[in-house]
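Step one of this worksheet: look at the structure below.
Read-outs throughout are calculated quantities, based only on the coordinates presented, and are distinct from any laboratory measurement. Note that the coordinates shown come from a computational prediction; the quantities given were computed from them, not determined experimentally. FYI the Cβ positions are ideal-geometry reconstructions off the backbone, even for glycines, and counts take in every protein chain you see.
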Amino acid sequence: MGVPTMSLVFILLAVMLQQMIQASQEPACHMNDLTALKGFTKCLEQDIGGWNWSSSNCCSFTGITCDNSSVIYGRVVGLELGNKRLTGTICESLVGLEQFRILNLSLNSLHGKIPANLFRFRNLEVLDLSNNYLVGPLPSAIHLPSIKYLDLSKNYFSSFISMQFCTSSSHIQYLDLARNFFGEGSIYLENCTSLQYVFLNGNVTDGIGNLSNLVELNISLNDFSGSLPDVFGRLRKLESFSASSNRLTGLLPASLVNSVPLLRIDLHNNSLDGPIRINCSAMAQVTSLHLGSNNFQGPVPASLSSCQSLTVLHLARNKLGGVVPFEFRNLHALEFLSLGNTSINNISTALDILQHCKNLTILDLGLNFYQEEMPSNVNLQFTSLTALIIPFCHLRGSLPIWLSSSKMLQLLDLSWNSLGGSLPSRIGKFEYLFYLDLSNNSFSGEIPESLTGLENLVHKTALLKESCEHISLIKSKEQGRPRLFTGPIWPSFGNLKNLHVLNLEENNLSGSIPDSISGMTSLEVLDLSCNNLSGEIPYSLVHLSFLSVFNVSYNRLYGDTPSGGQFMTFPDSSFDGNQALCPRLVAPCQRKQIHPVVSPGKKMKIMDWNFGIGAAIGFLLCVFFCFKSGWVIPKGRVCRC
């Protein structure tokens, strides 16, 4: 063999070696996988970003994971396309991905039925099709021997898992079938002994008690009826149980209220009854009890004070009665307490006790204490409070001075009481306040200008995630005699650029609407109806791009109605009762000014007979419009002012 021939052989060997090295580093797709993926995309209504069909190496595509154990080609083991805005259906061709271990198509807009063979992958460990629009019954035969995580929640499936599921899928640890459209029937889970987290739709059976490894069980938002099964003694690892928003009745099972591992119980919005008998000696580690909106009967159990780890206690909307137990002062870990609408009494004692819960941040006591006196004890201290909710109690007195100690306050709702007097200027000193509702009380006087300097509504200083920045100061009546806020709308309201809702309706506010209101750039609701405001509607308000509700009806406004921006969407009723306000769909108000032309060298006559006639007619028209508009003799208004 000559030298040239030997050189050529070495070159060929080098090229082949280089190709083999590249193949080991980036193996190409197996032909079966490539075909399956192409078939999958044919059922979609758009291309998938990051998938380039000019390359045969699908292992480099977005969302695809390959097993690179082979030096020649890789097998697709993972397809993760969650939240990719995919639309279309799931093609049968996916079955060609024989080595599948992970399939995640969640949070898309896929529709139609699932191919039955998709539930027969031998190696599949994770299947997540949640948050789509998939329909139809689940296959009667599901054979996923390696499955550990199965999430089919938030779709439109209409059948249950059969008895054979746990036999063929015995390794499953996480199962979520919540929020589908399953009909009557049962879900058989007795043999799924590896289950740790279950979120179900269907009927709960005693078989739940066999799931000894269960850590979390959520059967909320269904249509379950009857009583809870007394099986919790067998669930020795269960930490969280939720069965809210069903039609459950009867007493709390003994095994539930004595469950040692349970940390969280949520049974709100059912029809459970009887006394609340949580055994805090057994449930020493429980942190959250949500038993609101049931038919539990009282009194408020003092024994709950022995649950020293409680951070959340929600007993609202039950038939409890009595007073807040003295022992509640020992709930030092408590952060959230809701006793609203439980028929308890003695607000002075309640607040005196609860101030000792030093970590208390949210306190709801509304719809209790009917016509009691708001405590004025200046020594009350709620230093950690971020939300105080005591509406619909018809409490008497004034805005309590002890609120000044709650410097972390973000939400204050004292609406629908009978509190009176003027609002103190200290109301504007809450640095984090974003929601204030003092409506339907008997406050009077001017709105404190300090309210327009609320730090959070100017500079966004709140620590918690706020849902809606809100100020509501609607007037009310006390024994038929109205108590109204008077005075102007302060121009400095425009500083509250983070405010979403401003409701000042049915008061006796006067003056004009400040042009600076347009500085409230986040405003969604502005209600100034049923006041004595005058002047024009500032045209600058058309720049409030988030404004969806606007009402200035029954004032004394005049001039043109703004017609740009969001003002094109407001109904005519938003402007009713302003007699001199021009409608939006006709020509603008005429304000023609006649400028006299004086010839050089001639004196201008100030008064002649034309002037006299014009003045007389003008006077009569002025008087007519004054009476017509209610300026001289106020007209009866439609709203309850």
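For the pair residue 459 and residue 548, label points projected 7 Å from Cα toward Cβ lie 3.1 nm apart. Amide H to amide H distances under 5 Å link residue 509 with 532, where only residues 5 or more positions off or on other chains count and H is placed in the peptide plane. With 0.36 nm allotted per residue and the present C-alpha distance subtracted, the residue 43-residue 83 stretch has 12.7 nm of extension available. The calculated FRET efficiency for the pair residue 116 and residue 212, based on their C-beta separation and a Förster distance of 25 Å, comes to about 0.20. Phi-derived couplings, Karplus 6.51 cos²θ - 1.76 cosθ + 1.60 at θ = phi - 60°, listed residue by residue for region 553-559: 5, 6, 10, 10, 7, 9, x Hz, with x used for Gly and Pro.
Over all Cα atoms in region 20-105, the spread is summed up by Rg and Dmax: 12.5, 39 Å.
Farthest towards the positive end of the charge dipole of region 305-389, among the residues 349, 375, 313, is the Cα of 313, using unit charges on the Cβ of Lys, Arg, Asp and Glu. Label-to-label distance for residue 303 and residue 171 is 4.5 nm, based on points extended 7 Å past Cα in the beta-carbon direction.
Going from the residue with the fewest nearby Cβ atoms within 10 Å to the one with the most, 527, 572 rank 572, 527. Remark on residue 296: its backbone amide H falls under 5 Å from those of 319, a criterion applied only to residues 5 or more positions apart or on other chains, H modelled at 1.01 Å from N.
For the listed residue pairs 42/84; 407/460; 84/148; 358/407, the alpha carbons are over 18 angstrom apart in 84/148. The share of Cα pairs per 10 Å bin across region 444-585, counted from zero up to the longest distance, runs 12, 43, 34, 11, 1 percent. In the frame of its principal axes, region 223-269 has Cα extents of 26, 16, 13 Å, reported largest first.
Fewest Cβ neighbours within 10 Å first, please rank 347, 219 accordingly.
Ranking 347, 219 by Cβ neighbours within 10 Å, fewest first, gives 347, 219.
Post the alpha-carbon centroid distance, region 332-393 to region 37-82, in whole angstrom. A separation of 59 Å, based on Cα centres. Amide H contacts of residue 422: 444, each under 5 Å away and 5 or more positions distant or on a separate chain (H built 1.01 Å from N in the peptide plane; Pro and chain starts excluded). Per-residue Karplus couplings for region 289-303, computed as 6.51 cos²θ - 1.76 cosθ + 1.60 with θ equal to phi - 60°, are listed in order as 10, 10, 10, x, 6, 9, 10, 4, 10, x, x, 4, x, 5, 5 Hz, Gly and Pro entered as x. In this structure, residue 254 and residue 343 have a Cβ-Cβ separation that, at R0 = 35 Å, corresponds to a calculated FRET efficiency of about 0.85. Going by Cα centres, region 150-181 and region 211-260 are how many Å apart? Between the Cα centre of region 150-181 and that of region 211-260, the gap is 19 Å. Note on residue 327/residue 181: beta-carbon distance plugged into 1/(1 + (r/R0)^6) with R0 of 45 Å gives a FRET efficiency of 0.45.
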